[in-house]
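Down below is the structure, laid out as structure tokens.
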Amino acid sequence: MNETCHIGMLLFPQVTQLDLTGPVQILSRVPGASVHLLWKDTAPVMTDAGFSINPTTAFDDSPQLDVLCVPGGFGIVDLLGDSETLDFLRRQAAAARYVTSVCNGSLVLGAAGLLQGYRSACHWNWRHYLPAFGAIPGDERIVRDRNRISGGGVTAGIDFALALAAELAGEETARMLQLGFEYDPQPPFDCGSPARAGAARVAAYQERLAPRMQAAERAVAAASFSLRAGS
């Protein structure tokens, strides 16, 4: 890849920082890549981990992106009805080579009308909302449908980024990146998916998040109605 490849990662309040920083760490090493952390302005943005990250590029200053990526987090609840952000995503997606997401960031693409008729990954606890935006849920860790590439929940963003790196710079480059980052997962517990965690643990997790998910459900319903009304 000889020319600059502009990769834009949406950075918004209460983003799950690993959704953002995992892929950025990988994609920043792709030859020719220029990574932009995008928000409405360049003031520090607070993540869900209690520290802030500085955007590098305001929406109005963004070049046309080759790769557009929306990470996830509970901050997406506000984005689902944020016309400024959704309009920016639509403009960039129109000419982007790849339109991508990590975790429940796919729902923001959905709210922008960018996933109608596309298969998409999403965090398992949010995946059932995808059809509200005309998207087809996929439970794979990485889902590709035409120029839409999506990663599942949080840590799947690293897998997603390696797959995208292979698209941009070839499989051998991606393999070398994986080696360099010593990405060889061997988790201490075998409960990283609902199937492996078991029904009781899944239910306990969902009960703990229930109050926050109620707000998310209202936001999804409003965004879905707005999308249908505008189409």
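The values are calculated or read from the model by the stated rules, or taken from the named source; none is laboratory data. From a predicted model like this one, the values you see are computed outputs, not experimental measurements. Using ideal geometry, Cβ is built from the backbone for each residue, glycine included, and neighbour counts are taken over all protein chains shown.
Summary of values
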item	result
Selected residue [small (Gly, Ala, Ser) and surrounded by 15 or more Cβ atoms within 10 Å (Cβ to Cβ)] from Ala165, Ala210	Ala165
Residue in region 135-155 that is of a type in the set (A, V, I, L, M, F, W, C) and over 14 Å from the mean Cα position of the chain (by Cα) present	yes
Tabulated pairs, region 51-75, first in contact (Cβ under 8 Å) with a residue 24 or more places away in the chain and closer than 12 Å to Phe88 by Cβ, second in a loop (DSSP other than H, G, I, E, B) and hydroxyl-bearing (Ser, Thr, Tyr), C-beta under 9 angstrom, 6+ apart or interchain	Thr57/Thr42
Helices (runs of 4 or more DSSP H) lying entirely in region 137-231 (those with 1 or more residues that are out of contact with any Cys (no Cβ under 6 Å at 6 or more places or on another chain) and closer than 15 Å to Trp126 by Cα)	156-169, 194-197, 199-230
Residue within region 58-69 that is exposed (fewer than 15 other Cβ atoms within 10 Å of the Cβ), over 30 Å from Glu217 (Cβ atoms) and polar (S, T, N, Q) present	yes
Hits in region 102-132 - residues which are hydroxyl-bearing (Ser, Thr, Tyr) and assigned to a loop (DSSP other than H, G, I, E, B)	Tyr118
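Here is a yes/no grid of residues against (1) at positive phi; (2) surrounded by fewer than 16 Cβ atoms within 10 Å (Cβ to Cβ); (3) modelled with pLDDT of 95 or more; (4) touching a Leu at 6+ places or on another chain (Cβ under 8 Å):
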site: Ile158; (1), (2), (3), (4): no, no, yes, no
site: Glu171; (1), (2), (3), (4): no, yes, yes, no
site: Gly180; (1), (2), (3), (4): no, yes, yes, no
site: Tyr183; (1), (2), (3), (4): no, yes, yes, yes
site: Gly198; (1), (2), (3), (4): yes, yes, yes, no
site: Tyr205; (1), (2), (3), (4): no, yes, yes, no
site: Ala219; (1), (2), (3), (4): no, no, yes, yes
